[in-house]
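Below is one structure, written out as structure tokens; comments come after it.
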């Protein structure tokens, strides 16, 4: 998503908040000042309960959630009024809100009538908002090397009462069988699962944006072993090459969380500028490439826990895909309708593919010849990488979100977000082999070398496709 103007204004007005405070402001900015109930928001942002959320607000010098949300909503209305000329009555009608309630909300949180704060302007309103809060000192981040304890020994631990056998060093079975195209197991995973990734240790990791945690799944037999708390709004998870660490983009704290999978805990945070969205690991495992909502692609050195380079991209992206050569990166630039090809490690722009719509997930065949791009506009593009030509388009008429290639590359698995359906498509003929009614909102997909495919579903589970 692009930088949210409300979020930027709130965080500019209060620049010295801790990560927890910034996460609360980001959540309010994301929802235009209309948070869910305090219990749900507390769960979303990783607080133990609503009481801990309330204590955090007090410690940060912020007003109670109801008042803070009222300020955020008032500032949002002022932004909309100044940019579009709409009256407060029109904005309230748009939100199906009684205009009288809107006027009373403004008067209650600001102590002034709407006409008064409208006449004073947004800059004055921001000053009054800041005056209602007090600044605090930002806590010191833990250095990455210290947080990791200086050791990466492979060990068997019991985490949160669950045995967690790490299979590092043991090669996973690489039997490649064609998908049958049927639904297998379904594992309940609360917290709006978004991303799923497989590690070298033959476990699956699932991000839970509404629970501020990373769930760990064993695959044989399928079961959830435990969850690892991380910072607010974890979106994408990228395992290390060895499978002993994972890197999680946490949007609302503007950081990459480092998770030690053997110890089962979050060990460090790498700060970035802007909300981190998509991420992918370099071929040598030393650099994490991260796209942010500031429309930048960052190169993050994992050894130095720092951003070492960046390049502008047309739009922030949740989806990055590394070419099999390891020397090129493809970035889907969402609502710009473009896919950008970038040379690595120089971060030099090579080509731009104009596909239209709003580009989502990308996948590339192992021979590096063909790129597939899902599109919110309701289609799948097939692009010949050497020439850059679009060779085919498959239309679905509904939002296309996730893509994965089966282990044998015979099939493409496609998630149709709002249709509650997953399709298995023959890659050569581009014909649908199987339609799977999953229900819910199927998001991102991971294909296992043994043949099964995992689909994260925002409605609260992970499906296994056999």
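Miscellaneous remarks
- The lone exception for residue 40 - which of (1) surrounded by fewer than 13 Cβ atoms within 10 Å (Cβ to Cβ); (2) at pLDDT 85 or above it fails: (2)
- Filtering the stretch 401-424 to residues that are closer than 17 Å to residue 318 by Cα and assigned to a strand (DSSP E or B) leaves 401, 402, 403, 404, 414, 415, 416.
- Filter pass, residue 63 being surrounded by fewer than 20 Cβ atoms within 10 Å (Cβ to Cβ) and in contact (Cβ under 8 Å) with a residue 12 or more places away in the chain: yes
- Among the residues of the stretch 101-130, those identified as assigned to a helix (DSSP H, G or I), over 15 Å from residue 70 (Cβ atoms) and more than 33 Å from the chain's Cα centre (by Cα) are 115, 116, 118, 119, 120, 124.
- Residue check, residue 58 over 28 Å from the mean Cα position of the chain (by Cα), under 24 Å from residue 231 (Cβ atoms) and modelled with pLDDT under 85: no
- Of the residues contained in the stretch 326-336, one or more are found to be in a loop (DSSP other than H, G, I, E, B) and either more than 20 Å from the chain's Cα centre (by Cα) or not assigned by TED's automatic domain parsing to the domain that holds residue 426 (or both).
- Residue in the stretch 211-218 that is in contact with a helix residue (DSSP H, G or I) (Cβ under 9 Å, 6 or more places away or on another chain) and surrounded by 21 or more Cβ atoms within 10 Å (Cβ to Cβ) present: yes
- Evaluating residue 53 against the criteria (1) without any contact (Cβ under 8 Å) to a residue 24 or more places away in the chain; (2) buried (at least 18 other Cβ atoms within 10 Å of the Cβ); (3) under 24 Å from residue 215 (Cα atoms) leaves one unmet condition, (1).
- Some residue of the stretch 306-325 being part of a loop (DSSP other than H, G, I, E, B), assigned by TED's automatic domain parsing to the domain that holds residue 347 and on the phi > 0 side of the Ramachandran plot: no
- Complete set of residues in the stretch 18-32 that are in contact (Cβ under 8 Å) with a residue 24 or more places away in the chain and surrounded by fewer than 21 Cβ atoms within 10 Å (Cβ to Cβ): 18, 19, 30, 32
- Where residue 77 falls short, out of the listed (1) touching a helix residue (DSSP H, G or I) at 6+ places or on another chain (Cβ under 6 Å); (2) surrounded by fewer than 22 Cβ atoms within 10 Å (Cβ to Cβ): (2)
The values are calculated or read from the model by the stated rules, or taken from the named source; none is laboratory data. As the structure is a computational prediction, the values presented were derived from the model and not from experiment. Note that we place each Cβ from the backbone using ideal geometry, even for glycine, and neighbour counts take in every protein chain shown.
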